[in-house]
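Q: Below: one structure in structure tokens.
The values are calculated or read from the model by the stated rules, or taken from the named source; none is laboratory data. Small disclaimer: the values here were computed from a predicted structure and weren't measured. Cβ placement follows ideal geometry from the backbone for every residue including glycine, while neighbour counts extend to all protein chains displayed. Side chains are part of the model used for accessible areas, which takes the heavy atoms of the whole protein and leaves out ligands, DNA and RNA. Shrake-Rupley method; radii C 1.70, N 1.55, O 1.52, S 1.80 Å.
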Amino acid sequence: MKEKMSSTLDEDEWRNIILSIFSQEEADYVAHHINEIIKQKSANSTITGRRSKTPQSKPEATYTEVLNCILFYDLSAHEALLAPFNEKFSKVDLDENGLLNEDE
């Protein structure tokens, strides 16, 4: 496991991970962002003259890149879910310390 965490995941691996965590729609969204990272890395490699040893290889992303996409999506989803509560809470939390006391 440690070895995999410090290496890359091919497309089948990272797609299976996100499909096991998210609904199809959410997995497609996260996959799109992972593919954007892969494309950006590929474009950067072309600009700097670095090319893959196997040009026809499947798209790969590092474990960290996949994890960051998953966590970013999850955080965004939670923020969106909590936004109505946060709006109402901030109207009552007069001193903006994140706590409500008896006066508030």
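Q: Is it true that residue 22 is touching a helix residue (DSSP H, G or I) at 6+ places or on another chain (Cβ under 8 Å), open to solvent by 100 Å² or more (accessible area, probe 1.4 Å) and at pLDDT 90 or above?
A: Criteria not met by residue 22.
Q: What pairs come out if I take residues in the range 5-21 that are touching a residue at least 24 places away in the same chain (Cβ under 8 Å) and closer than 12 Å to residue 34 by Cβ and pair them with residues that are part of a helix (DSSP H, G or I) and of a type in the set (Gly, Ala, Ser) whose C-beta lies under 9 Å away, six or more apart or interchain?
A: 11/31; 14/31; 18/27; 18/31
Q: Looking at residue 97 and the list (1) outside any loop (DSSP other than H, G, I, E, B); (2) at pLDDT below 95, which single condition is not satisfied?
A: Going through the list (1) outside any loop (DSSP other than H, G, I, E, B); (2) at pLDDT below 95, residue 97 breaks only (1).
Q: Out of contact with any Phe, Trp or Tyr (no Cβ under 7 Å at 6 or more places or on another chain) and either crowded, with 16+ Cβ neighbours inside 10 Å or at pLDDT 80 or above (or both), is that true of residue 42?
A: Considered against the rule, which asks whether it is out of contact with any Phe, Trp or Tyr (no Cβ under 7 Å at 6 or more places or on another chain) and either crowded, with 16+ Cβ neighbours inside 10 Å or at pLDDT 80 or above (or both), residue 42 comes out as yes.
Q: Of the conditions (1) open to solvent by less than 50 Å² (accessible area, probe 1.4 Å); (2) modelled with pLDDT under 95, residue 30 satisfies every one except a single condition; which number is it?
A: It is condition (2) that residue 30 fails.
Q: Here is a further query. Across the range 1-19, what is the number of residues that are part of a helix (DSSP H, G or I), buried (at least 16 other Cβ atoms within 10 Å of the Cβ) and not charged (D, E, K, R)?
A: Matching residues across the range 1-19 total 3.
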